[in-house]
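Input: a single structure, listed below in structure tokens.
The values are calculated or read from the model by the stated rules, or taken from the named source; none is laboratory data. Just so we're clear, the structure is a prediction, and the values are computed from it rather than from any experiment. Ideal geometry is used to build each Cβ from the backbone, glycine not excepted, and the neighbour counts take in all protein chains shown. All accessible areas refer to the heavy atoms of the entire protein, side chains included, with ligands and DNA or RNA removed. Shrake-Rupley method; radii C 1.70, N 1.55, O 1.52, S 1.80 Å.
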Amino acid sequence: MFINSGQRTLRNMNDYPMCPIVLLQYKSPAIAGIQHHNSKAARLMLLPYLILISFSAAAQQQTIAVETKDNALVLQTDKDNRLGIIYFGKKLLNSGEYTGIAQQFRRDDDNKGIDNNAYTPAGTWNLLEPAIQVTHADGNHSLELKYVTSSVTKTDDNTKLTSVSLKDPVYPFEVTLFFKTWYDENVIEQWSEIKHTEKHSVVMQKYASANLYFTNTKYFLTQFHGGWATEMRPEESELTAGIKTLDSKLGARADLFQPPTFALSFNHLATEDEGAVMLGTLAWSGNYKIDFEKDVYDHLRLIAGINPYASAYTLRPNQTFTTPGFIYTYSENGKGAASRNLHNWARKYRLQDGEGKRLTLLNNWEATYFAFDENKIVSLFKGAKNLGVDLFLLDDGWFANKYPRNDDRAGLGDWQENKKKLPSGIGYLVKEASKAGVKFGIWVEPEMVNPKSELYERHIDWVLREPARPEHYYRNQLVLDLSNPDVQNFVFGVLDTLFTKNPELAFIKWDCNAVIFNAHSMYLEKNKMPQSQLYVDYVKGLYKVLQRLRAKYPAVPMMLCSGGGGRVDYGALQYFTEFWPSDNTDALERVFIQWDYSYFYPAIATCNHVTDWSRYPLKYRTDVAMMGKLGFDIVVDQLGENDLRFAQQAVTNYKTFSDIVWHGNLYRLVSPYKNDFASLIYVDDAKSKAIVFNYLSNFRYDLNASVEPVKLKGLDAKKQYLVKEINLYPGTQSAIQANQIFSGDYLMTVGFNAGVDLRHTSVILEVDEVK
Ligand code: DGJ
């Protein structure tokens, strides 16, 4: 909650629409906004006069610059005291010059509407896509929002919160826009708070998080789409006049077809190192809508927030609705710099333990699926130890008795150990794992239920379904009603019981495999609350559970999984240490999938497992999994002698450089989309050590992918570096000459040829400073 004293004062004056003008002038020293008259003494001297004239004078123009190290978003009031966006881009050396930017633009706003509004209300002057649309308590549909006040609070040297309060002059209805900035990382998170004191509830039809405006002329959108096992497929297009929408209506697992992440290039398509580009993402794990509307001036309006589809939300008097955050960064040096901004920010400020370490693991999902018992699992512990990983992760299939979880058609919801498979219980497995020298983690999917389960039999009222219609399933299951506090308690209880009984549990994989069909809540119905709140209250309920869990178990690593990447967003990720990008673990597919996630999420959060999904050599599969958080999902006992030796060495090698992958700076060097191989480098902050991953991405006959050297990035031109190949398969020789020393200048200007070809399908280079 961020309420400044200015807002409180003004609320008392709300009956006098012009009064804010007076107060603003008086209060402005505490405000970061830039004003035309900015001498405090002058303002104080003028105060009595201003009070006298305030009821007839025009509002004083306010300019509010929201700045980070390199960028600025500038808001300004117009002659009618409406707040608009007058600038977005590289920040000016002299912030005083922002005030004059608007005069450089000739938009015929009187006739065409106000396109650059900072939070466009519906029902009055606006003719374009609104950011907010409401039905007042008296049934009226009109909304106007005028500037009231703004303030800035400093959280620490790097973090500031600018809040701007807007109010309807006719109805007691107010919106506060929040802009949280992380200075060094050039990241802004924007959201709004909506509140009213009308006599009865107001229904909000639309309530966006952010409304931005860009005054370029050409815009190129990079969006991502896919489905199960085909996540994060990029598509690029130039935006044309009208509205382009990215959205989701899936309820739970909302990101499955289209995640709420995008890159927006200005004027021309940005490359890794060139061009103006914004990376944006909505921190919300439910239905979302992001509209890009190119207006008559060829300027672009961006409105991002919860999807208004079937989601009218009733707001009681004095209740505050806080929208999710829209997170973005901007760079004039291409997508590489922009994504490093997001990585730095996410590690430092968003992910759980983003600056910490991660556990390497052996998962049993692809190794056993549902077919295991406790002896089998205990035998796999030895494999984990033999491999050298930190943890064993027991996946789906360990629970339910009346309807045993022997496949995905039964048992979900009944979170008691299956007595046949695990007669000695989870506690025994935790102890046995510990004896074998590895930690133990477990899979849960607590938001879901199979109709064939005791939970469904006992609590059909907890299940999202249309009582009068046939049920419709996604992976044979239904979604529990997280808008219901009892269900929230149940979901929390599933985890709490596991931890209480097994305090040594060291890892949770939280899965979510279904979308919401027949979106109907018996809880909302019983409590006479509108069904249209369900999509929003589901996500709020989920976050409540996760908050409770994190309050009680702050340190346990948790993987965010949703049948692959069906729920990867910074709303959920604030509770998780890492995420599962896709069930598709085919190593070649993963080169592309991991490449695209890397624009938005740091490698420390990306779980990559070596599996038998594809037949590429073990070295290739392992090298690909190393560009993130390494795990395995194989039967270690079935590895041949050399494969086992390689895998063991790979885990040891990974531990020597994982710190750079997790915390270093990523430069994508060669794109697999345009070349026959992919190349990426992670460099530590001191520029003294780097790891270069090279993966062949075209396996056609007689291919020589590496004709030219690859120019490395992020090194120190003046330093000397030893380049060597690491993670070689036993008995093979590196094609690279040993012990070569180059200057950073050479490596970044001429480059280095890693020799990726059909015989060397993946090459990992270690680059070490020589002092
Ligand atoms: C989907 C996940 O993505 C898989 O890794 C696995 O945990 C299965 N669910 C288990 O049902």
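Inter-label distance, Asp408 to Gln740: 4.7 nm, where each label sits 7 Å from its Cα along the C-beta direction.
In loop segments of the stretch 432-486 as defined by DSSP, the chymotrypsin sites (Phe, Trp or Tyr not before Pro) with at most 16 further C-beta atoms inside 10 Å of their C-beta are Tyr473. Taking 0.36 nm per residue of separation and subtracting the current Cα-Cα distance, fully stretching the chain between Tyr183 and Ser95 would add 30.1 nm.
The residues neighbouring Ile764, those whose beta-carbon lies less than 9 Å from its own, together hold a net charge of -3 under the Lys/Arg +1, Asp/Glu -1 convention. Label point 7 Å out from Glu355 along Cα-to-Cβ: which residues of the stretch 303-328 have amide N under 17 Å? What the label zone holds, given the 17 Å backbone N cut-off, is no residue at all. Multiplying the residue separation of Glu471 and Lys435 by 0.36 nm and subtracting their alpha-carbon distance yields 8.4 nm. Helix 587-597 axis versus longest C-alpha principal axis of the chain: approximately 20°, rounded to the nearest ten. Farthest toward the positive end of the dipole of the stretch 161-253, out of Ser201, Leu166, Leu250, is the Cα of Ser201, where the dipole comes from beta carbon charges about the Cα centre. Add +1 for every Lys or Arg and -1 for every Asp or Glu among the other residues with Cβ under 12 Å from the Cβ of Phe179, and state the total. The answer is 0. In the chain, Cα pairs under 8 Å separated by at least six residues give a relative contact order of 9 percent. Once backbone amide H atoms are built at 1.01 Å from N, Ile114 has Leu127 as its partners under 5 Å, excluding neighbours fewer than 5 places away on the same chain. Scalar couplings 3J(HN,Hα) for the stretch 119-132, obtained by applying the Karplus form with A = 6.51, B = -1.76, C = 1.60 to θ = phi - 60°, are 6, 5, x, 9, x, 10, 7, 6, 10, 10, 5, x, 8, 9 Hz; x denotes Gly and Pro. Rounded to 0.05, the FRET efficiency of the Lys244 and Glu274 pair, given R0 = 22 Å and the Cβ-Cβ distance, is 0.40.
Placing +1 on the Cβ of every Lys and Arg and -1 on the Cβ of every Asp and Glu, with no other charges, gives the stretch 186-318 a dipole of roughly 760 debye about its Cα centre. Note on Val635 and Arg700: with the Förster distance fixed at 30 Å, the Cβ-Cβ geometry gives a FRET efficiency of about 0.45.
So, in Å, what gap is there between the alpha-carbon centers of the stretch 300-335 and the stretch 497-563? With the stretch 300-335 and the stretch 497-563 each reduced to a Cα centre, they are spaced 21 Å.
Annotation for Ala371 and Arg645: the two label points, set 7 Å from Cα along the Cα-Cβ direction, are 3.2 nm apart.
Under 5 Å from the amide H of Leu669 lie the amide H atoms of Ser679, Leu680, Ile681, each residue being 5 or more positions distant or on a separate chain, with H modelled from the backbone and absent for Pro and chain starts. Amide H contacts for Phe752 (H built 1.01 Å from N in the peptide plane; partners 5 or more residues away or on another chain; cut-off under 5 Å): Val710, Lys711, Leu712.
Summing Lys and Arg as +1 and Asp and Glu as -1 over all other residues whose Cβ lies under 11 Å from the Cβ of Gly437 gives a net charge of +2. Angle of helix 40-53 to the longest C-alpha principal axis of the chain, folded into 0 to 90 degrees and rounded to 10: 50°.
Computed extension length for Ala551-Lys526: 6.0 nm, one decimal, from 0.36 nm per residue of separation with the Cα-Cα distance subtracted. Mean residue ellipticity, 222 nm, helices only, the chain: the sum of -39500 (n - 2.57) across DSSP H runs of n ≥ 4, divided by residue count and rounded to 500, is -6500 deg cm²/dmol.
Only protein atoms count toward the accessible area here, which uses a 1.4 Å probe; on the chain, the carbon and sulfur part of that area reaches 50 percent. Between Lys382 and Asn489, the C-beta separation translates, for a Förster distance of 35 Å, into a calculated FRET efficiency of about 0.35.
Label zone (Glu236, point 7 Å along Cα-to-C-beta; backbone nitrogen cut-off 18 Å) within the stretch 673-692: 673-680. Using alpha-carbon positions, what is the distance between the centroids of the stretch 225-252 and the stretch 697-763, in Å? Cα centroid of the stretch 225-252 versus Cα centroid of the stretch 697-763: 36 Å apart.
Computed over the stretch 377-440, the P(r) tail beyond 17 angstrom holds 43 percent of alpha carbon pairs. Put simply, the Cα atoms of the stretch 656-722 extend 41, 25, 20 Å along their principal axes, the longest span coming first.
Computed over the stretch 333-383, the P(r) tail beyond 19 angstrom holds 56 percent of alpha carbon pairs.
Over the chain, accessible surface divided per residue gives 38 Å², non-protein components excluded, 1.4 Å probe. Our note on the geometry: Cα centres of the stretch 409-477 and the stretch 124-142, 45 Å apart.
The angle between the Cα long axis of helix 534-552 and the longest principal axis of the Cα atoms of the chain comes to about 60 degrees, rounded to the nearest 10. All alpha carbon pair distances within the chain were sorted into 20 Å bins beginning at 0; the resulting P(r) in whole percents reads 16, 45, 31, 8, 0. Here the chain is assigned +1 on the Cβ of each Lys and Arg and -1 on the Cβ of each Asp and Glu. Its dipole about the Cα centre then comes out at about 1400 debye.
Evaluate the charge dipole of the stretch 632-691 about its Cα centre and quote only its size in Debye, nearest 20, assuming +1 on the Cβ of each Lys and Arg and -1 on the Cβ of each Asp and Glu.
On the way: 6 positive and 8 negative charges, 70 e Å.
Value, rounded to 20: 340 debye.
A dipole drawn for the stretch 176-275 from +1 and -1 charges on Cβ atoms has a positive end, and of Ser237, Gly227, Asn211 the residue lying farthest that way is Asn211. For the stretch 307-320, 3J(HN,Hα) computed residue by residue from phi via the Karplus equation (6.51, -1.76, 1.60; θ = phi - 60°) reads 5, x, 3, 6, 9, 4, 10, 8, 10, 6, x, 6, 7, 10 Hz, glycine and proline entered as x.
Each residue of the stretch 643-654 was assigned a 3J(HN,Hα) from its phi angle through the Karplus curve 6.51 cos²θ - 1.76 cosθ + 1.60 (θ = phi - 60°); the sequence is 4, 5, 4, 4, 4, 4, 5, 4, 5, 5, 4, 4 Hz, with glycine and proline shown as x.
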